[in-house]
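Heads up: the structure comes next, in C-alpha cells.
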Amino acid sequence: MSQMCGIGPFVTIPLMVAAFGGPQAIIGFIGGAVLALADGLVWAELGAALPGAGGSYVYLRESFQYRTGKLMPFLFVWTAMLFIPLIMSTGVVGFVQYLGYLWPDMTKGQGDLVGVAFCALVVLLLWRRVENIAKLTTVMWGVMITSVVVVILACFTHFSPARAFSWPAHAVELTHGQFWIGFAAGLTIGIYDYLGYNTAAYLGGEIKQPGRVLPRAIVLSIVGIMGIYLLLQIGVLGAMDWREMLDPDSIASKSVASAVLERTWGEGAADVVTVLILITAFASVLAGLLGGSRVPYDAARDGVFFRSFGKLHPKHRFPVLGLVSMGIVTAAGFLLSRHIGTTAAHPPLSILINLLTTVMVIVQALAQIVAVSVLRRRQPNLARPYRMWLYPAPSVVAAVGWLVIYGYADRNAPGFHPIEWSLAWVAAGCAAFVLWARKEGTWPFGPREIREEFLTDQERVAA
C-alpha cells in the first residue's frame, strides 16, 4: 500500500481531470481499480502457486519453458530493468513537484540535484537486511495513511456537492470518439496509480506462508487503496473548481493537495501536510526499489540473466547490482522527464507514465495472463493455495484493459511514440538474448531445459 499510494494520487488528480475534461474524471480511477483487481487476481494465483523471488520472472520461466526455453523470463528481466525504475522515477518527479510548494524559488537545476540526491538516499537506506527495511516501511506506511486521511478530512470540511458532481454536458457520450480517447488516457493514469499491488510477489521467496499471505496482500491492498482514492478524488473535486487544475501555472496543477489544504485550513496546515506527502513519496520509491531489485537477482541465480546480477552483499545479503543499476535508471528517468519538451496538455509526468506502461504491457502484463492458462494445462497437479475467482473472466478483463492502454499510447503521448519505443526495447532484448544464449549454449543454440521446480519440490515434500 505504501508503494501503491505514494505520491501517485497527489500528482495525477490534475492529469485525470485534464484527460476527461471535468469532474467525471472519477471514471478513470474506477476503471483503473477494475483493471488492477482483475490483473491482481492473475498475480494472486501465480504468486500463491509459485512463491519465488522475482515475481513475473518465475511465472514466465515456469510457463514458457516448454516452447521458447529461457526467452520469456530473460525478456521480462530485460524490460523490468527499465519499467520498474521508471515507475520509481515518477515518484521522484512528484517529490520535487511538491517540494516546490515549500521552496517556490527552487530553480530547475536545484530541482535536478534534489531528485538525484533523493535516489542516492533511497539506495543508501536499502543497503541493509530486509528485516530492518520492513520496520522502516511500516513507519512510512503510517505516515502515508496520515497524509491521505488529513487531505480527505480537509476536503470534506469545505465540500461542495455541486462542484464534485456537476458534470459538463455530454460528459459521458459513449458514441463519441473523444470520450474513449479520454477514457484510455484516464485508464493509463488510473492503473499507474494502482501499480504496486504486485510488489509483494517480487519478495515471494522472503515471505512466510506465501500461499496465504500473497493473495490477501494483493486483493486487500487494491480494495483498500480504491476506497482511499475515491474519497480523495471526490473530496478534491468538491473542495476546489476543477478548472483550476487545468491551468499549468497554478498551484493546483502542480501541488493539488497543498492547494486544498491552504484554501481550507491555512498555509500552516498546508506546509505540514506537504511534508507528510514528501515522506509518502519517499516511502513509495523505497518500497518499489526494495522489491524491484530482487527481480534480476533471482534470474541471474538461475542462469537466465547476466551472472553479475546474482551476487549478494557479503554482509547484508541483498542483491547489490540490481539495487545500484535500478537506482541509476531511476535517477536517469527523473532527469529525462525534467528535460523533455512537452506541452501543457501532455506534461512530462504524463509522458513518463505512458512510456513505462507500454514497456511493461507486452512482456509482463499480457504474457503473464497467458501464463495462468498455460500452467493450468501444463502443470495441473501444481498446488494452488489460491485459484482465480470466476476463471477465466478476470484474465479476459485484464487483457482487454491492457490492450486498450497499449493501443491508445501513441495518442496519449503524441510525438514520443511509446508503442514504437516499447517494441524497440523488446527487440533489443531479443538481440541481447540471442547473444547471451549463444554464450551460455542454451536454446536456441542448445536443448530446452524443462525444469518444473515448484512441482518437483511439492512432490519431494509429499514423498
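The values are calculated or read from the model by the stated rules, or taken from the named source; none is laboratory data. All of these numbers come straight from a predicted model, not from anything done at the bench. As a convention, Cβ positions derive from the backbone with ideal geometry for all residues, glycine included, and neighbour counts pool all protein chains shown. Only protein heavy atoms, including side chains, enter the accessible area calculation; ligands, DNA and RNA are left aside. Shrake-Rupley method; radii C 1.70, N 1.55, O 1.52, S 1.80 Å.
Looking only at residues in the range 70-127 that are out of contact with any Leu (no Cβ under 7 Å at 6 or more places or on another chain) and aromatic (Phe, Trp, Tyr), the one that is farthest from Ser250 (Cα to Cα) is Phe74.
Kindly indicate whether Ala281 is assigned to a helix (DSSP H, G or I), open to solvent by less than 10 Å² (accessible area, probe 1.4 Å), out of contact with any Pro (no Cβ under 9 Å at 6 or more places or on another chain) and more than 29 Å from Ile450 (Cβ to Cβ). Yes: the conditions hold for Ala281. On the stretch given as the range 397-442, residues that are closer than 26 Å to Phe454 by Cα and open to solvent by 50 Å² or more (accessible area, probe 1.4 Å) total 1. Is it the case that Ile189 is in contact (Cβ under 8 Å) with a residue 60 or more places away in the chain, surrounded by fewer than 23 Cβ atoms within 10 Å (Cβ to Cβ) and either under 24 Å from Leu60 (Cβ atoms) or β-branched (Val, Ile, Thr) (or both)? No.
One residue alone among Phe183, Phe179, Phe159 is of a type in the set (Phe, Trp, Tyr), modelled with pLDDT of 80 or more, open to solvent by 40 Å² or more (accessible area, probe 1.4 Å) and under 21 Å from Leu15 (Cβ atoms), and that residue is Phe183.
Within the range 249-266, can you find the residues that are outside any helix (DSSP H, G or I) and open to solvent by 10 Å² or more (accessible area, probe 1.4 Å)? Listed by number, the residues that qualify are Asp249, Ser250, Trp265, Gly266.
The set of residues in the range 368-381 that are open to solvent by 10 Å² or more (accessible area, probe 1.4 Å) and either closer than 19 Å to Tyr57 by Cα or assigned to a helix (DSSP H, G or I) (or both) comprises Ile369, Val370, Ser373, Val374, Arg376, Arg377, Arg378.
Among residues that are crowded, with 24+ Cβ neighbours inside 10 Å and within 19 Å of Val148 (Cβ to Cβ), Ala269 is not included. Only one of (1) over 30 Å from Ala19 (Cβ atoms); (2) surrounded by 12 or more Cβ atoms within 10 Å (Cβ to Cβ) is not met by Pro447, so which one is it? Failed condition: (2). Scanning the range 90-124 for residues that are small (Gly, Ala, Ser) and either touching a Lys or Arg at 6+ places or on another chain (Cβ under 9 Å) or closer than 19 Å to Val256 by Cα (or both) yields a total of 5. Note on the range 199-229: among residues that are free of Cβ contacts under 8 Å to residues at least 12 places away in the same chain and over 20 Å from Gly288 (Cβ atoms), the one that is most open to solvent (accessible area, probe 1.4 Å) is Lys208.
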